[in-house]
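The values are calculated or read from the model by the stated rules, or taken from the named source; none is laboratory data. Please read all numbers here as calculations on a predicted model, not as lab measurements. So basically every Cβ, Gly included, is an ideal-geometry build from the backbone, and we count neighbours across all protein chains shown.
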Amino acid sequence: MILEVKDLSKSFESERVLDKLSFNLEDGQIHGLVGRNGSGKTTLLKILVDILNMDEGSLKILGKSYKEDRHIIENIAYLPDRFDYFDYDSILKIKDYYKILYPNFDDNFFKIELKKNKIDGKKTLRSFSKGYKNLIGLLAIIASNARIVLLDEILDGMDVLNKELIISYILDMKDQGRTVLASSHELEELAKIVDVCLYLTKDGKIRNISKSKNSFIKVQIVVKDKLDEAILNHSVLRFNMGRVYVILLENKDNIRNILDENKTIVQYDILDSKIEDSFYWEKGRSK
Ligand SMILES: Nc1ncnc2c1ncn2[C@@H]1O[C@H](COP(=O)(O)OP(=O)(O)OP(=O)(O)O)[C@@H](O)[C@H]1O
């Protein structure tokens, strides 16, 4: 593991946002950090990159804490959800700031990718749209050569082509053996590329939902008329059109008997579940 968090807690005034979180980031993997609005994703990312202090707990990057070695910051780069800290600087000037923090900054990559994306490095950051600002920030983060990359809501507000571009940059980082943690309040786009998915609940806990696959089953059901309320109320609805439902149900020993015996069901099939189903399962259960 490249980053290790143990019993991390953080409160703002009386509100406990993160409550004794423990998790690891695995070397060379893409991790999704998902959770509802306000669940604490940004707070957690800022703690990981030492912008915010935690109240309790420990954080180790490559086996060391920030207190033990300030230089570990060179191994971790963070892209905030709005990349506008340097609004009045030119893109090439911003690059110089990054070079101070990241000694292995790849000038060549930064220049080539700016050119490929038709971004004029002499212009100030504020002359670009929010989407382009984020793209410029991402290029700087990639060029930093930091081994761990934290991305806050990177796909939010991006058009389809830029989403594809960003996804391909993230996959390139994985190919280079780098570790990515990307936050989002939805999982749709990230689902295609994440290896591990961490879910932040509203009560400040974290769950590795890549492992929750066996706690539910995904069932496609055809009903005579309407699906029995008793089943519907105990499930997470993923899709319904007319007499066809796709639902997630707790994977109990007798679940097939319950479905077999239900009079409203004409036919059912167990489907393969995907990582986004785990997200909806956790989200549905934590309402
Ligand atoms: N500096 C602060 N002072 C007081 N409360 C804060 C501060 N920063 C965050 N919070 C509170 O902490 C909680 C978590 O906020 P955070 O921005 O981390 O959530 P998030 O999951 O990133 O949300 P979103 O998906 O909406 O971006 C919210 O209730 C927020 O109001």
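Under 7 Å between Cβ atoms, at least 6 apart or on separate chains: pull out the pairs that start in the stretch 53-74 with a residue that is under 25 Å from residue 13 (Cα atoms) and without any contact (Cβ under 8 Å) to a residue 24 or more places away in the chain and end on any residue that is crowded, with 16+ Cβ neighbours inside 10 Å and of a type in the set (Lys, Arg).
Final answer for the pair search is none.
Of all residues in the stretch 145-177, which are in contact with a strand residue (DSSP E or B) (Cβ under 8 Å, 6 or more places away or on another chain) and of a type in the set (D, E, K, R)?
147, 152, 153, 156, 174 - these are the residues of the stretch 145-177 that are in contact with a strand residue (DSSP E or B) (Cβ under 8 Å, 6 or more places away or on another chain) and of a type in the set (D, E, K, R).
Search the stretch 240-265 for residues that are under 26 Å from residue 279 (Cβ atoms) and pair each with any residue that is among the charged types (D, E, K, R) and surrounded by 15 or more Cβ atoms within 10 Å (Cβ to Cβ) when their beta-carbon atoms are under 7 Å apart and the residues are at least 6 apart or on different chains.
246/218; 246/238; 247/238; 248/218; 248/238; 248/277
Can you find, within the stretch 71-82, the residue that is nearest to the ligand (Cβ to nearest atom) among those that are in a loop (DSSP other than H, G, I, E, B) and either outside the structural domain of residue 151 (by TED's automatic domain parsing) or under 15 Å from the mean Cα position of the chain (by Cα) (or both)?
81
Can you pull out every residue in the stretch 1-23 that is of a type in the set (Gly, Ala, Ser) and either within 15 Å of the ligand (Cβ to nearest atom) or not assigned by TED's automatic domain parsing to the domain that holds residue 148 (or both)?
9, 11, 14
How about the stretch 171-287: which strands (runs of 3 or more DSSP E) wholly inside it have at least 2 residues that are within 30 Å of residue 56 (Cβ to Cβ) and touching an Asp or Glu at 6+ places or on another chain (Cβ under 8 Å)?
179-184, 196-200
Would a scan of the stretch 83-92 turn up a residue that is within 26 Å of residue 174 (Cβ to Cβ) and in the same structural domain as residue 190 (by TED's automatic domain parsing)?
Looking for residues that are within 26 Å of residue 174 (Cβ to Cβ) and in the same structural domain as residue 190 (by TED's automatic domain parsing), one finds at least one in the stretch 83-92, hence yes.
Of all residues in the stretch 18-33, which are under 20 Å from residue 169 (Cα atoms) and in a strand (DSSP E or B)?
25, 30, 31, 32, 33
Give the residues of the stretch 137-165 that are part of a helix (DSSP H, G or I), at pLDDT 95 or above and among the β-branched types (Val, Ile, Thr), sorted by residue number.
Matches in the stretch 137-165: 141, 142.
Please work out if residue 100 is in the same structural domain as residue 181 (by TED's automatic domain parsing), out of contact with any Gly (no Cβ under 6 Å at 6 or more places or on another chain) and part of a loop (DSSP other than H, G, I, E, B).
no
Would you check which residues across the stretch 24-44 are on the phi < 0 side of the Ramachandran plot and more than 8 Å from the ligand (Cβ to nearest atom) and list them?
Hits for the stretch 24-44 are 24, 25, 26, 27, 29, 30, 31, 32, 33, 34.
With the condition kept exactly as written, say whether any residue in the stretch 45-54 is more than 16 Å from the ligand (Cβ to nearest atom) and surrounded by 17 or more Cβ atoms within 10 Å (Cβ to Cβ).
No, the stretch 45-54 has no match at all.
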